[in-house]
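Remarks on the structure that follows.
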Amino acid sequence: MLQARFMSEFLLETERLVMREWRESDLDIFHAINSDPRVRKTLGPIMTHQQVADLITWQQDYQQEHGHCFWALETKAQNELIGWCGIIRGGEGTPVCDRLEIGWRLAFAQWGKGYVTEAAKKCCEWSAATFPDEQIWAITSEHNHRSRAVMERLNMKHLPELDFDHPKVDPESDLVRHVTYCKETSK
């Protein structure tokens, strides 16, 4: 069961989208997204219901402690959860450890509509205003060409010298090799 939160909800809006804190009602929809082999193809194995619940709880705790996370992403027109987009601090064992890491995940039916780029641009604006002296970083599997294209649309630069084998990915997986991108501050 997800934890209830009792504080004013964070909202970040674009023309078509809202990024917001996670709700208990998001669990089944986000599990469906993470159960789709097309979505998981460049991310790793299908996630169980409990793994998704734990992931959402982790995001809620992170939001409460830091004021940001990979937020729930929904469309304004349908008020429909379609994935996530946001900012966290990069994980241990990666070149983005403790750096601002932008990330996204989107339901397959929503691919190709420009939602990720729209949301990610807004996250970059929010991050630049909130953390003006910090760069924004991103990592993904080297085979995740769609995410890499978004990184390039965000004017992020691939730093091949920082590419790495992700410590949380099975070393035998073809997803183990990750690429690292960075967006310079506007200063």
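The values are calculated or read from the model by the stated rules, or taken from the named source; none is laboratory data. Nothing here was measured: the structure is a model prediction, and the numbers come from that model. Backbone-built Cβ (ideal geometry, glycine too); neighbour counts: all protein chains shown. We work out accessible area using only protein heavy atoms, side chains counted, and drop any ligands, DNA or RNA first. Shrake-Rupley method; radii C 1.70, N 1.55, O 1.52, S 1.80 Å.
Within the group Glu13, Glu74, Glu24, which residue is touching a Leu at 6+ places or on another chain (Cβ under 7 Å) and either without any contact (Cβ under 8 Å) to a residue 24 or more places away in the chain or loosely packed, with under 14 Cβ neighbours inside 10 Å (or both)? None of the other options fit; the residue is Glu24. Under the condition of being farther than 19 Å from Ala72 by Cα and small (Gly, Ala, Ser), the residues counted in the range 113-153 number 4. Cβ separations smaller than 6 Å between residues 6+ apart or across chains give the following pairs from the range 112-140 residues that are of a type in the set (Lys, Arg) to residues that are open to solvent by less than 40 Å² (accessible area, probe 1.4 Å) and outside any helix (DSSP H, G or I): Lys122/Leu12; Lys122/Thr14. Quick one: is Lys76 among the basic types (Lys, Arg), modelled with pLDDT of 95 or more and over 19 Å from Val179 (Cβ atoms)? Yes. Looking only at the range 165-182, which residues are surrounded by 16 or more Cβ atoms within 10 Å (Cβ to Cβ) and in contact (Cβ under 8 Å) with a residue 60 or more places away in the chain? If the condition is that a residue be surrounded by 16 or more Cβ atoms within 10 Å (Cβ to Cβ) and in contact (Cβ under 8 Å) with a residue 60 or more places away in the chain, then His166, Val169, Leu175, His178, Thr180 are the ones that fit.
Of the residues in the range 100-117, at least one is touching a helix residue (DSSP H, G or I) at 6+ places or on another chain (Cβ under 7 Å) and among the hydroxyl-bearing types (Ser, Thr, Tyr). Tallying residues that are over 19 Å from Lys41 (Cβ atoms) and assigned to a loop (DSSP other than H, G, I, E, B) within the range 155-170 yields 5.
A single entry from Gly44, Gly93, Gly83 fulfils the requirement of being of a type outside the set (S, T, N, Q), open to solvent by less than 80 Å² (accessible area, probe 1.4 Å) and in a strand (DSSP E or B): Gly83. The single residue among Ala109, Ala129 that is open to solvent by 30 Å² or more (accessible area, probe 1.4 Å), under 22 Å from Trp22 (Cβ atoms) and not in a strand (DSSP E or B) turns out to be Ala109. Here Phe70 meets each of (1) farther than 29 Å from Asp165 by Cα; (2) at pLDDT 95 or above with one exception, condition (1). Residue selection: Arg148 satisfies the criterion of being open to solvent by 40 Å² or more (accessible area, probe 1.4 Å) and either in contact with a Ser or Thr (Cβ under 6 Å, 6 or more places away or on another chain) or touching a residue at least 24 places away in the same chain (Cβ under 8 Å) (or both).
Selection within the range 59-71: residues that are within 12 Å of Glu21 (Cα to Cα) and in a helix (DSSP H, G or I). The member of this set that is most open to solvent (accessible area, probe 1.4 Å) is Gln64.
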